[in-house]
Amino acid sequence: MKKLYFFLTVVASLIVWRNAIAQNIIKPGETWPDDKGNHIQAHGGGIIQLGKYYYWYGEQRRQGLDTNYRYVSCYRSKDLVNWKFMGDALQLSDPEQLGRRWVLERPKVYYNRNTKTYVMYFHLDDAKYKLARVGVATSKKPQGPFTYVKSFRPLERESRDIGQFIDDDGTAYLVFESRPTKGFFIAKLSDDYLSVEKEVCLVNAPLEGGAIIHYNGLYYAIGSELTGWRPNPNRYATATSLAGPWSEFKDIAPPATNTYSSQSTMMLKVTGSKTTTVIFMADQWRPKTQWDSRYLWMPLEIGDGKLVLPQPQPWQLNIKTGEAGVVNSPAE
Ligand code: GAL
């Protein structure tokens with residue numbers, strides 16, 4: 001009995017120790033432990049940088065949640081690899097009488113420096129995805145608690161998947177898929193970020209999971225086909241101005257891989273002392289076991305109007321220099 005107790009204590013200590021040591025490798029498609037050793041729950045998410053911290057918000061889908069609510073999680077990191085769970089930033093009960101299977105997806109948070117307010121947007125819908133609105137919630141702290149403010153259709157348009165883009169000059173945009181117009185809108189937020197002020201562009205491509213980045217004088221937009229949870233070949237286009245004209249859309253990876261079984265949610269630019277890396281952030285959805293959905297993050301090969309998602313493999317990021325590199329596996 002004593003031996004068993006000793007053995008269990010050693011195993012427990014090893015688990016705690018393993019979870020406590022810093023991680024330095026991003027492993028696409030694997031479980032990604034947070035500071036407590038739990039798989040990160042920030043699906044369909046978005047990241048903002050505030051001072052020395054990055055905040056990652058996403059759909060909280062852990063097992064055992066109260067099904068009357070929808071939850072948005074918040075994680076914090078200095079290096080984009082080790083994430084501290086800051087709690088559920090939003091816990092919301094059906095805000096517009098949408099019925100038992102109402103939907104809150106793809107939350108994105110903006111920080112408004114004028115009003116010192118964190119403004120969260122999310123896709124709000126009923127079970128049949130007919131409402132097609134955005135919901136807005138606000139908080140005075142990055143980790144919440146966020147309070148529901150309202151819902152609306154941006155530019156009076158149907159809006160389903162949303163994306164977030166903050167340009168280098170700090171201007172904040174909402175990207176949203178619009179089924180009737182067979183495309184996605186890029187729209188500027190109002191000064192207080194609480195509403196959508198004006199249309200910047202309707203990109204004429206029926207794509208969702210919209211993500212935009214400004215890199216070396218060019219805008220790159222990525223989107224996925226409309227195939228629900230099933231992955232498809234994600235594509236990209238470029239433009240010298242957000243307002244367009246946008247180039248033809250091309251594959252970001254060999255189409256047969258269906259974007260290595262993932263769907264875009266955001267691109268993140270890390271500018272360091274030596275170089276700039278653009279990270280492709282995507283979800284590998286597991287619709288029947290959503291809490292186990294995985295993340296595919298990879299540094300993109302990007303420049304001169306070309307964008308390629310390399311084959312996923314473990315990689316490292318130096319947050320100070322901005323350098324990224326794959327981790328060489330030992331020779332077989
Ligand atoms: C996807 C979308 C997800 C979710 C899903 C539901 O196309 O990107 O956010 O809405 O459909 O089937």
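The numbers here are math on the coordinates, done by the rules we state, and not lab data. Keep in mind the model is a prediction, meaning the values are calculated, not measured. Positions of Cβ are generated from backbone atoms using ideal geometry, with glycine treated the same way; all protein chains shown enter the neighbour counts.
Among Glu59, Glu199, the order by Cβ neighbours within 10 angstrom, fewest to most, reads Glu199, Glu59. Going from the residue with the fewest nearby Cβ atoms within 10 Å to the one with the most, Glu248, Glu105 rank Glu248, Glu105. With N counted as the residues of the chain, its alpha-carbon radius of gyration over 2.2 N^0.38 Å works out to 1.00. Applying a DSSP loop filter and a limit of 12 other Cβ atoms within 10 Å to the trypsin sites (Lys or Arg not before Pro) in segment 242-332 leaves Lys274, Lys320. Filter Lys274/Lys306; Lys52/Lys188; Lys198/Lys320; Lys36/Lys288 down to the pairs with a C-alpha to C-alpha distance above 30 Å, please. Beyond 30 Å: Lys198/Lys320. Between Gln23 and Asp94, what is the FRET efficiency for a Förster distance of 41 Å, r being their Cβ-Cβ separation, to the nearest 0.05? Plugging the Cβ-Cβ distance into 1/(1 + (r/R0)^6) gives 0.65.
Please compute the length gained on full extension between Ser273 and Arg101, using 0.36 nm multiplied by the number of residues separating them and subtracting their Cα-Cα distance. Intermediate values should be presented prior to the final figure.
Numbers: separation 172, 0.36 × 172 = 61.92 nm, distance 4.73 nm.
The span from Ser273 to Arg101 would gain 57.2 nm if fully extended.
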